[in-house]
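The values are calculated or read from the model by the stated rules, or taken from the named source; none is laboratory data. All figures in this text were calculated on a predicted structure; none of them were measured in a lab. When we count neighbours, we look across all protein chains shown, and the Cβ atoms used for this are built from the backbone with ideal geometry, even at glycine. The accessibility values were calculated without ligands, DNA or RNA, using every heavy atom of the protein model including side chains. Shrake-Rupley method; radii C 1.70, N 1.55, O 1.52, S 1.80 Å.
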Protein chains: 2
Amino acid sequence: MQYFPAALQELADQFARLPGIGGKTAQRLAFHMLGLSMDEAQEFADAIITAKRTVHTCPVCQNLTDREICPICADEYRDHSLICVVAEPKDVIAMERSREFGGVYHVLHGVISPLNRVTQDDIRIRELLGRVAQGGVREIIMATNPDTEGDATAMYISRLLRPMEIKVTRLAYGVPVGSQLEYADEVTLSRALEGRQEM
Amino acid sequence: MQYFPAALQELADQFARLPGIGGKTAQRLAFHMLGLSMDEAQEFADAIITAKRTVHTCPVCQNLTDREICPICADEYRDHSLICVVAEPKDVIAMERSREFGGVYHVLHGVISPLNRVTQDDIRIRELLGRVAQGGVREIIMATNPDTEGDATAMYISRLLRPMEIKVTRLAYGVPVGSQLEYADEVTLSRALEGRQEM
């Protein structure tokens, strides 16, 4: 016997397909949508379609944008000879928040991960090499996450870039600002020691 | 500076309005939607609108349905003189799964909860009294959740029903089947003792 009206079940199934949303949560979200006004539900549905229609990747840096070229790549006042390579669009936001970086970005849309069957051809490495080959690039800062896959991806790309004779750097590892030494793990601490700088 | 394309931000905002979805999760879901094909995104948007258009409450039991009268209320073989009162549509599904109940339901769509500003007039008590007043009801089983608000709501309704001289019962409290006594809390255990039955 089917306990739910078909349309409600279908909506719950759609939610359940989203990452990190289990069956129970999907049901709860579907019920919640029924509680919205028709206008609110329409707005939600429209937001999905509008986002799909207008948002695409910037042909230069591969970040998400709704313009022909993203605002950062289109900004004349930024240093286009300095490229910061990140895994995801949200990492661009994190970097921009620091207000320290005046260069441009390259978004890989993932990291190499054999366990998840993501190979070097599945992320936007080719596009990065193409940018570098066009010339005018002075330095590339690898800013993938400081974990195994992020490190391996950074290492792989830096090897590909070696013949092009461009400076390739990596974000510094160390103890986070405002943290307490006693809670830092030993790997972070040993990396912080290795990278110690004169005062 | 706006880091996200406007349409992506709008979609993330829509997700963030859903219950239990925080800002970070909303962003992740919005990114995920961009990764879907246009057809898949359209299906999701359509599911929202179709659910809103076709699903309404059954005029008899207030459960959600896409038919004029819900399948349970329309079923001649069920005992329409026995009404099980539950708080939410999902509780109907839980009861039906037990395959033990042959009567019909009444869905309150909430419980009385002064803390959340839900009064007796905000849930479908009036509709239940209307059903009972039409006659033909033999027994009402209160099956709201065994917590403070569920109990208080059951108690309130049973008082309203007292002048109508109908049998009102409550689901038994006790230790859950398959559980271990040592992990049962003392309130459950004392209720299980009170409700002990001859073997």
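Here are a few things to note about the model shown:
- For A:Cys84, nonlocal amide neighbours, meaning residues 5 or more places apart or on other chains whose placed amide H falls under 5 Å from its own, are A:Val104, A:Tyr105, A:His106, A:Ile141.
- Our summary gives segment B:6-54 a relative contact order of 27 percent, counting only alpha carbon pairs under 8 angstrom and 6 or more residues apart.
- A:Thr148-B:Leu193 FRET efficiency (beta carbon distance; Förster radius 56 Å; 0.05 resolution): 0.55
- Label distances, nm, A:Glu40 versus same residue in remaining copies, Cβ-directed 7 Å point: 2.8
- Size of charge dipole - the protein assembly as shown - debye, nearest 20, with Cβ of Lys, Arg +1 and Asp, Glu -1, no other charges: 140 debye
- Nearest-first distances (nm) between copies at B:Arg117, label 7 Å from Cα via Cβ: 5.1
- Length-normalised contact order for chain B - Cα pairs under 8 Å, 6+ apart - percent: 13 percent
- For the rotational copies A and B, the chain A residue with its Cβ nearest the relating axis, together with that separation in Å, is A:Ala45, 2.
- Take segment B:6-54 with all the other protein chains still there, run a 1.4 Å probe, and you get 46 Å² of accessible area per residue.
- Computed E for B:Arg162/B:Val118 - FRET, C-beta separation, R0 25 angstrom, nearest 0.05: 0.65
- The protein assembly as shown: antiparallel DSSP beta bridges as a percent of all, rounded to 5: 20 percent
- Farthest positive-ward along segment A:6-54 dipole, Cα basis, beta-carbon charges - from A:Gly22, A:Leu36, A:Ala12: A:Gly22
- Partners for B:Lys90 among lysines (Cα-Cα distance below 17 Å; same-chain residues under 8 apart left out): A:Lys24
- Estimated translational diffusion coefficient (Stokes-Einstein, Kirkwood radius over Cα pairs, 10 °C, 1.306 mPa s) of segment B:68-147: 119 µm² per second.
- Using a probe of 1.4 angstrom and keeping all protein chains present, the accessible surface of segment B:61-198 works out to 63 square angstrom per residue.
- Summed over both chains, the area buried between A and B is near 4500 Å², taken from the accessible surface of protein heavy atoms with a 1.4 Å probe.
- In this simple spin-label approximation, B:Arg99 and B:Glu68 carry label points 7 Å from Cα along the Cα→Cβ vector, and these lie 3.2 nm apart.
- Sites matching chymotrypsin sites (Phe, Trp or Tyr not before Pro) across segment A:76-159 that sit in DSSP coil, with at most 13 neighbouring C-beta atoms within 10 Å: A:Tyr77
- Taking θ as phi - 60° and the Karplus parameters 6.51, -1.76 and 1.60, the scalar couplings of segment A:72-88 work out to 6, 5, 7, 7, 5, 7, 8, 7, 7, 8, 10, 10, 9, 9, 10, 7, 9 Hz in sequence order, x denoting glycine and proline.
- Antiparallel content of DSSP bridges confined to chain B, in %, to 5: 20 percent
- Ascending list, in nanometres, of distances separating the A:Arg99 label from those of the other copies (7 Å, Cα toward Cβ): 6.6
- Pairwise alpha-carbon distances in chain B exceed 26 Å for 52% of all pairs.
- Taking GluC sites (Glu not before Pro) across segment A:65-124, the ones in a DSSP loop with at most 15 further Cβ atoms lying within 10 angstrom of their Cβ are A:Glu68, A:Glu76, A:Glu100.
- More than 17 angstrom apart: percent of Cα pairs within segment A:14-129: 68 percent
- Neighbour net charge for A:Cys70 - beta-carbon separation under 15 angstrom, K R +1, D E -1: -3
- The amide H of B:Val118, built 1.01 Å from its N in the peptide plane, has B:Ser113 as neighbours under 5 Å, considering only residues 5 or more places off or on other chains.
- At R0 = 30 Å, FRET efficiency that the Cβ-Cβ distance of A:Thr54 and A:Val177 yields, to 0.05: 0.20
- Each part reduced to its alpha carbon centroid, segment A:145-199 and segment B:160-196 end up 59 Å apart.
- Dividing the summed -39500 (n - 2.57) terms of all DSSP H runs of n ≥ 4 by the residue count of chain B sets its mean residue ellipticity at 222 nm at -12500 deg cm²/dmol.
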